[in-house]
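All remarks here apply to the structure that follows.
The values are calculated or read from the model by the stated rules, or taken from the named source; none is laboratory data. Computed from a predicted model, the values in this text were never measured in an experiment. Here Cβ is always computed from backbone atoms with ideal geometry, including for glycine, and neighbour counts include all displayed protein chains.
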Amino acid sequence: MDIEGHRGARGLVVENTLPSMAAALDAGVTGIEIDVRMTADGQLVVWHDPVLLPEKCRAPRGGLVGARVDELTLDQLRTVDVGSQTLPEFATQRAAPGAQIATLAEVIALGEHRSSQLWWTIEVKLDPTDERQVARRERLVEATLAAVHEVGVERRCFLHSFDWAVLDLARELAPDVLRSALTQARHFSTGSPWTGSVDPAEHGEDVIAGVAAIGASVVSPDFALVDADLVRRAHDLDISVLTWTVNEPDDLVRMMELGVDGIVTDYPDLAVELVAARSRGDAPGNAPGDAFQGR
Ligand code: MG
């Protein structure tokens, strides 16, 4: 069972910061999921949103808050404090005051310093309905693949994206790097802009058949889409299931019982504890999860 910290460990420390990555490692994760975007000067940074959201960012005189990440240079982005504000929906999230947006290389270096067995799920952020992002798709995929080779994790990573055109490009450019097809409700449907070279109509709108056609070794569905049938059909085609974002003890246990291969969670401490409890043979939903109730 692969337990991956989501954006580091978003439930514990402000997302996509180096301290959040450290918190995930402290929790004992087997993998980390991060989001990658490209700056105006071609640097890869670990950041989820297309813009600097006011609820996450503080900038001198507020200047850059609201700006697009792809229109700012790395130096400009480094003037923004992305660690001081916590999000109310994560009551146990700790601030990381003064944290700056990190580069992909910095994040991976931190993880590699702690473990040489960590898996990296690198989400290439690309909205296929945004022409400006589409125009830079190839450059972003090339740079991401170059980076994973440069830091030497090309055998321990998934290139992961909702935009399956990213997966098409990655297959062409670096067929040996494993790919993970993200999906959520309505993405795999006829006429969807998210399915790259795959036409859902040709596959009866069956997402697992679509993942096989795109050549990904992992399907990464919203956990609301996961049931025994999806897991069985994926495994029948040698496709692993990496589901997200599972945070409640009952949901974590249910996903483990359904036989998923990996879970992306904001609370990797809880998930790691539940995996350990299961391997000890404790009853599902026993003490470990209870400790987190009322979080
Ligand atoms: Mg992500």
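Contact map, the range 260-271: residues that are of a type in the set (Gly, Ala, Ser) paired with residues that are more than 16 Å from the ligand (Cβ to nearest atom), Cβ distance under 6 Å, separation 6+ or inter-chain. Pairs shown: ALA271/LEU252. Once the range 120-133 is narrowed to residues that are among the acidic types (Asp, Glu) and under 19 Å from the mean Cα position of the chain (by Cα), the residue that is nearest to the ligand (Cβ to nearest atom) is GLU123. Checking LEU18, LEU25, LEU12, LEU53 one by one, the residue that is closer than 11 Å to VAL82 by Cβ and more than 16 Å from the ligand (Cβ to nearest atom) is LEU18 and no other. The lone criterion from (1) touching a residue at least 60 places away in the same chain (Cβ under 8 Å); (2) within 14 Å of GLY42 (Cβ to Cβ); (3) out of contact with any Leu (no Cβ under 6 Å at 6 or more places or on another chain) left unmet by GLN117 is number (2). So, in the range 140-169, of the ones that are among the acidic types (Asp, Glu) and away from the ligand (no atom under 15 Å from the Cβ), which residue ends up surrounded by the fewest Cβ atoms within 10 Å (Cβ to Cβ)? Checking each candidate, the answer is GLU150.
Restricting to the range 214-243, and then to whatever is touching a Leu at 6+ places or on another chain (Cβ under 8 Å) and in a helix (DSSP H, G or I), can you tell me which residue is nearest to VAL264 (Cα to Cα)? So the residue we want is VAL231. I'd like the full set of residues that are in contact with a helix residue (DSSP H, G or I) (Cβ under 7 Å, 6 or more places away or on another chain), more than 13 Å from the ligand (Cβ to nearest atom) and closer than 22 Å to GLY5 by Cβ, limited to the range 30-50. Selection gives LEU44, VAL45.
All of GLN117, GLN85 fail the test of being away from the ligand (no atom under 15 Å from the Cβ), under 19 Å from LEU242 (Cβ atoms) and part of a loop (DSSP other than H, G, I, E, B), apart from GLN117.
Closer than 24 Å to GLU106 by Cβ, more than 16 Å from the ligand (Cβ to nearest atom) and of a type outside the set (Gly, Ala, Ser): is that true of LEU230 in this structure? So LEU230 does not fit the description; no. The residue list ARG58, ARG94 contains one member that is at pLDDT 95 or above, of a type outside the set (A, V, I, L, M, F, W, C), more than 15 Å from the ligand (Cβ to nearest atom) and more than 13 Å from PRO268 (Cβ to Cβ), which is ARG94. Give the range 178-211 a look and list any residue that's more than 16 Å from the ligand (Cβ to nearest atom), crowded, with 17+ Cβ neighbours inside 10 Å and under 22 Å from LEU145 (Cβ atoms), or say none. Listed by number, the residues that qualify are LEU178, THR195, GLY196, VAL198, VAL211.
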